[in-house]
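S.K.: Take a look at the following structure, please.
What follows is calculated from the coordinates using simple rules that are stated; it is not laboratory data. As the structure is a prediction and not an experimental result, all values here were calculated from the model. Positions of Cβ are generated from backbone atoms using ideal geometry, with glycine treated the same way; all protein chains shown enter the neighbour counts.
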Amino acid sequence: MATNITFHPDAGSVTADERAKLLGQKGVTLWLTGLSASGKSTIACALEQHLLSLRKFAYRLDGDNVRFGLNKDLGFSEKDRNENIRRIGEVARLFSDAGAITITAFISPYKADRAVARTLHEDNGLPFLEVFVDAPLEVVEQRDPKGLYKKARAGQIADFTGISAPYEAPETPEIHIRTDQNDLAQSVEIIAEYLIKHNYV
Ligand SMILES: Nc1ncnc2c1ncn2[C@@H]1O[C@H](COP(=O)(O)OP(=O)(O)OP(=O)(O)O)[C@@H](O)[C@H]1O
Ligand SMILES: [Mg+2]
């Protein structure tokens, strides 16, 4: 922990309400969680595109722009996964604070980690919506777009969620999407309708 640092004492000259009024939108984090191949990235991309087409400032945090950059020093042990999610939680919080509709797409298998991300937001007055991108293991294993389940079953990947590492499903997510029962367009619509119904867009 760094010492000799003090948080800037001035809250800034723009309040959160003024920022929202000036930008014409409020920040919110949509936290997508689910097994590998459940559809998080696919839905996040389509949702981001949909929101941008409505001229909303939306931004996606996903494996490529986080695991290869900010978190490239982290692996997949429980400790590293904890730290991975903690950092993503902090970055999502900053984006939401800046007014973005922030869409995160990470397996985030541990309830406690998602709770940390939620607390980070709620303690700062920012809405956090947990989106359970849900499909049964048999289905995602069948999809296996990256061939990861096959490798995990063959013992070539350690700590693979759903196979050799746990996935702790959310009990009370704000949004629950069964991607084995809804196609991509319907999945995006479920989220978009929730945002409209609850006045986030
Ligand atoms: N309703 C749906 N929503 C999203 N994806 C779907 C749906 N139905 C089928 N799919 C397919 O499931 C696969 C989901 O892959 P995707 O990369 O989005 O998963 P992911 O949850 O991001 O996995 P990972 O955690 O490994 O990044 C894609 O091949 C996609 O075409
Ligand atoms: Mg993904």
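S.K.: Hey, could you pull the Cα Rg and Dmax for the chain, both in Å?
M.R.: In Å, with Rg to one decimal and Dmax whole: 17.5, 57.
S.K.: Go ahead and run the numbers for FRET between ARG153 and GLU90, Cβ-Cβ distance against an R0 of 41 Å, rounding to 0.05.
M.R.: Calculated value: 0.75.
S.K.: Something else about it: Could you line up VAL28, VAL139, VAL133 from fewest to most neighbouring Cβ atoms inside 10 Å?
M.R.: VAL139, VAL28, VAL133
S.K.: Check the straight Cα-Cα distances from LYS72 and name the lysines below 29 Å, setting aside those fewer than 8 residues away within the same chain.
M.R.: Once the sequence-local lysines are set aside, what remains near LYS72 is LYS40, LYS111, LYS146, LYS150, LYS151.
S.K.: Another question about this same structure. Which value in deg cm²/dmol, rounded to the nearest 500, describes the helix-derived mean residue ellipticity at 222 nm for the chain, given -39,500 (n - 2.57) per DSSP H run of n ≥ 4 and division by the residue count?
M.R.: -13000 deg cm²/dmol
S.K.: For GLU18, GLU174, GLU48, what ranking results if the residue with the fewest other Cβ atoms within 10 Å of its Cβ goes first?
M.R.: Fewest-to-most ranking of GLU18, GLU174, GLU48: GLU18, GLU174, GLU48.
S.K.: Compare the Cα positions of TYR59, PRO173, LEU22 along the charge dipole of the chain (+1 at Cβ of Lys, Arg; -1 at Cβ of Asp, Glu; about the Cα centre) and return the one farthest towards the positive end.
M.R.: The one lying farthest along the dipole's positive direction is TYR59.
S.K.: Give the residue list of chymotrypsin sites (Phe, Trp or Tyr not before Pro) in the stretch 35-88 that are DSSP loop and have at most 10 other beta-carbon atoms within 10 angstrom.
M.R.: Passing sites in the stretch 35-88 are PHE68.
S.K.: Using the beta-carbon distance between GLU83 and LEU22 and R0 = 41 Å, what value does 1/(1 + (r/R0)^6) give for FRET efficiency, to the nearest 0.05?
M.R.: Between GLU83 and LEU22 the formula returns 0.75.
S.K.: If each residue of separation counts as 0.36 nm, what is the full-extension length gain between ASP180 and ILE5 once their alpha-carbon separation is subtracted?
M.R.: 58.1 nm
S.K.: Mind checking which aspartates and glutamates have their C-alpha under 15 Å from LYS26, skipping anything on the same chain fewer than 8 residues away?
M.R.: Within the straight-line cut-off, LYS26 pairs with ASP17, GLU18, ASP97, GLU122.
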